[in-house]
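What follows draws every value from the coordinates through simple rules; no lab data is involved. Please read all numbers here as calculations on a predicted model, not as lab measurements. No Cβ is skipped: glycine too gets one built from the backbone with ideal geometry, and neighbour counts run over all protein chains shown.
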């Protein structure tokens with residue numbers, strides 16, 4: 001394992017985050033405050049509670065997952081795409097580091113950024129709602145696993161994309177709609193039976209459900225299934241990235 005290479009890539013990516021830390025943190029926090037105002041106050045005035053949990057508190061895990069997924073994908077995809085765009089990817093490819101070290105550096109930085117922002121959002125939520133975390137260990141476990149899994153997905157998107165338009169199309173057209181339809185602001189049990197079955201075809205529902213369980217002990221699907229879903233995604237993304245580096249697909253174009 002080439003630890004110096006991992007550290008070099010990781011800290012290079014993190015330095016970009018720290019240079020613009022106020023922008024990086026202010027934007028998601030402001031968005032979260034707006035969600036709390038719109039959903040927590042406006043809709044919460046009509047929906048007092050969901051399964052015994054005040055609606056304002058109920059949406060906190062969904063908001064955190066929304067941010068983690070968006071930030072993980074965006075940071076990892078841009079992190080690897082920019083070297084491709086500027087041509088410095090060749091310096092990485094000829095360096096004495098394997099695909100796993102390169103992936104670990106970029107994905108580790110992207111996941112760290114997403115987790116930091118999610119924790120800031122969690123702290124922000126305490127100003128609006130009395131959120132109680134029933135299982136702190138599993139909350140952190142789901143948070144880290146989800147951040148890493150979607151950072152790996154973002155890394156794949158960055159390797160696949162040929163231009164900035166392609167870099168944005170998957171997060172905007174796929175990831176964000178799946179999060180909104182994955183129970184970020186409601187419970188699947190609130191839906192009619194047919195649509196509840198349709199909602200359970202959405203893989204993001206399993207991530208949000210497991211994460212919400214760590215807060216309130218409530219889940220739309222069994223927690224074990226949620227853990228298996230995020231683990232399968234993590235392993236599948238690693239396998240795809242390994243194949244890309246072995247074949248050189250989109251790396252040398």
Exercise. Expressed as a whole number of Å, what is the distance separating the alpha-carbon centroids of the range 108-137 and the range 165-196?
Worked result: 21
Exercise. Once the range 3-247 is represented by equal point scatterers at the alpha-carbon sites, with solvent omitted, what log10 I(q)/I(0) does the Debye formula produce at q = 0.09, 0.14, 0.16 Å⁻¹?
Worked result: -0.39, -0.91, -1.15
Exercise. Mind ordering 13-23, 204-214, 155-165, 235-245 by average Cβ neighbours within 10 Å, highest first?
Worked result: 204-214, 155-165, 235-245, 13-23
Exercise. How far is helix 203-216 tilted off the main Cα axis of the chain, in degrees rounded to 10, range 0 to 90?
Worked result: 60
Exercise. If one takes the longest principal axis of the Cα atoms in the chain, at what angle in degrees, from 0 to 90 and to the nearest 10, does the Cα axis of helix 136-160 lie?
Worked result: 50
Seminar exercise, completed: To the nearest 10 degrees, the tilt of helix 3-19 (Cα long axis) against the first principal axis of the alpha carbons of the chain is 60
